[in-house]
1. Please list the three semi-axes, largest first and in whole Å, of the ellipsoid equivalent to region A:8-57, using sqrt of 5 times the eigenvalues of its alpha carbon gyration tensor.
2. Please state the shape class of region B:184-288: rounded when a/c is under 1.5, otherwise prolate if a/b exceeds b/c and oblate if not, all from the C-alpha gyration tensor.
3. Using a/c under 1.5 as the rounded threshold, could you call the protein assembly as shown rounded, prolate or oblate? The axes a ≥ b ≥ c are square roots of the C-alpha gyration tensor eigenvalues, and prolate needs a/b larger than b/c, oblate otherwise.
4. Treating the angle as unsigned and between 0 and 90°, give the value, to the nearest 10°, between the Cα long axis of helix B:136-149 and the longest Cα principal axis of chain B.
5. If you average the sequence gap of Cα pairs under 8 Å that are 6 or more apart and divide by the length of region B:4-230, what percent do you get for the contact order?
6. Could you calculate the FRET efficiency of B:Asn326 with A:Met94 from 1/(1 + (r/R0)^6), where r is the beta carbon distance between them and R0 is 56 Å, rounded to 0.05?
7. If Lys and Arg each add +1 and Asp and Glu each add -1, what is the summed charge of the other residues whose beta carbon sits under 9 Å from the beta carbon of B:Lys293?
8. Under 22 Å Cα to Cα from A:Lys173, which lysines show up? Leave out anything in the same chain fewer than 8 places away.
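Here, each number is a calculation from the coordinates, and none is a lab measurement. Computed from a predicted structure; not experimentally measured. Quick reminder, even Gly has a Cβ in these numbers, built from the backbone with ideal geometry, and neighbours come from all protein chains shown.
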Amino acid sequence: MSKARASLSRTALVHAALIAYTLVAVFPVFLTIINSFKNRNAIFRNPMQLPTPSTFDLVGYQTVLGQGDFAVYFQNSLIVTVVSIALVLLFGAMAAFALSEYRFRGNTLMGLYLALGIMIPIRLGTVAILQGMVATGLVNTLTALILVYTAQGLPLAVFILSEFMRTVSDDLKNAGRIDGLSEYAIFFRLVLPLVRPAMATVAVFTMIPIWNDLWFPLILAPSEATKTVTLGSQIFIGQFVTNWNAVLAALSLAILPVLVLYLAFSRQLIRGITSGAVK
Amino acid sequence: MGSLQLKSVRKSFGPVDVLKGIDLDVKDGEFVIFVGPSGCGKSTLLRIIAGLEDATSGNILIDGAEVSAVPPAKRGIAMVFQSYALYPHLSVKDNMGLGLKQAGTPKAQIEERTKKASAMLSLEKYLDRRPAELSGGQRQRVAIGRAIVREPKLFLFDEPLSNLDAALRVNTRLEIARLHRELKATMIYVTHDQVEAMTLADKIVVLDGGVIQQVGSPMELYNRPANLFVAGFIGSPAMNFIDAARLGRSDAATIGIRPEHMSLSREAGEWRGTIVHVEHLGADTIVYLDSEKTGLLTARLFGEHHYEADEIVYATPNSGQLHRFNANGEAIL
Ligand SMILES: Nc1ncnc2c1ncn2[C@@H]1O[C@H](COP(=O)(O)OP(=O)(O)OP(=O)(O)O)[C@@H](O)[C@H]1O
Ligand SMILES: [Mg+2]
């Protein structure tokens, strides 16, 4: 904000609101992390207290990492998330380019059809998806998860990206055509770099639900070799006893990769979210 | 090398007919300007010539060869866009060289042509900069340079100067005129600025409502407009139109007289009127007057004249410089 337009009370108000929101958003994460470093009694007796020398305990992490398979779960989650994001971005951007760039019969209808997934949750089709996966022998493979997550992420990706691609200047694309660039070169070399902020936005919005999903891993790929972190953590939650140390440690660990991916995208993301608003 | 023929080119967007049969002959080395009001289809016609848009029907011949099925890059054309349309992630040099690189031109030759073009446009200092690091005028020169290095048969310009400020516009206009002399290439240029049209063109094509209203040299259009539209469009301030019946004439429906073809006097003259407003431009004085006989008239006097609003004056048209139009708006010659 420029100095001329900033008044102290307004700035203070804005910051108070933002700080309040930050506290609300960060508090559960903070609670999870501090409690993951405490022993079981301390977790229940003083959940709000920071770990002290007497309550500090790494037993949760020892359990989780000693479990052996946890590295595999992590790997599975990462593979599924990264490959799905890549596919969503690639196909989403291609569909968005076609919808925004070419005039063809049924263009609007096709756009609406592709956006339908935003309104209808993919979980409604779980039974049919499971039947399909059984029929194609994809149950208990990461491929099954990747396919489902790609389908799940595409509607929003197409919707957001096609809006952004409409803003790329026609003259630029036409200049590329006159210079002899193929439609693919125009897409990859002229348009994609210009919508990079939007791509980062889509990547983040796609990533979080995939990483956190419990439903599809449980139904489509519950085998030991294909478990994701979220599903893997469930072994510590029993019907009668729950190993809270281990659950909290597993959750804290699960935040890490998301955080890394998020930081990778965030510089672009912030530009992406605000680029429409402040021009 | 560089002629263009359009044969009954039509273009419709769905139910809207934008171009309704355009026939045009452009000879090698000519500088042709399309003018017309906003939305009359100038850009569309240019894009059809470039191959960026398909004509609904009709033929386009470049150097006598039908090009309707030829992609833009192979038509031997180069285009300069109103918004510059430089590649934001490439340096000035790569912006200019990309087209040649795509066509598989040897590196040494690209280098040489880029150098020549940048010398012509005094861009040598900026070759390694990105477009974002250039001013508007420099960007437009890069866009022109990108067209020059392709050594096209046909240059297409779509309002290349409309994003520049007035002083820069004059400079760049002179530069384009010089390029046309040096390159001796055929140029087709779209504008709605009639000063650009009058100063640059060998031949002006006036478009309105999707049809060509008149084709001719700037002076032909000025001296012998074919119809009311061209008469009103070419020349600034615009021609005065007077209902012939009010003047008691029966040999025309409308009489036209250009503001600069009238004289004013305080003593006597043909049309008596009251001055509404006076504009002093230094070289010219523009006088707006209201006359009972003719309605509102504009007169352009050369040099400084001391008229004031509410004065009574007499306007007299120069004989022989009246234009007559029939009821359909066509000129009576
Ligand atoms: N893709 C399109 N779909 C539908 N109509 C279009 C399309 N492109 C142009 N038009 C219409 O065609 C007409 C001519 O457009 P064009 O851009 O050629 O005008 P122009 O003469 O270049 O105007 P200006 O001087 O404002 O640039 C306009 O009425 C416009 O609405
Ligand atoms: Mg235009």
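1. On the way: eigenvalues 214, 17, 11 Å².
Those come to 33, 9, 7 Å.
2. On the way: a/c = 2.83, a/b = 1.57, b/c = 1.80.
In terms of gyration-tensor shape, oblate.
3. On the way: a/c = 2.88, a/b = 2.29, b/c = 1.26.
Verdict is prolate for the protein assembly as shown.
4. On a 0 to 90 degree scale, this one is about 60.
5. Values: 399 pairs, mean separation 65.0, N = 227.
Over region B:4-230, the number comes to 29 percent.
6. Working: r = 58 Å, r/R0 = 1.04.
The computed FRET efficiency comes out at 0.45.
7. Details: positive: B:Arg246, B:Arg272; negative: B:Glu270, B:Glu292.
Around B:Lys293, the surrounding residues sum to 0.
8. Once the sequence-local lysines are set aside, what remains near A:Lys173 is A:Lys279, B:Lys11, B:Lys42, B:Lys74, B:Lys93, B:Lys101, B:Lys153.
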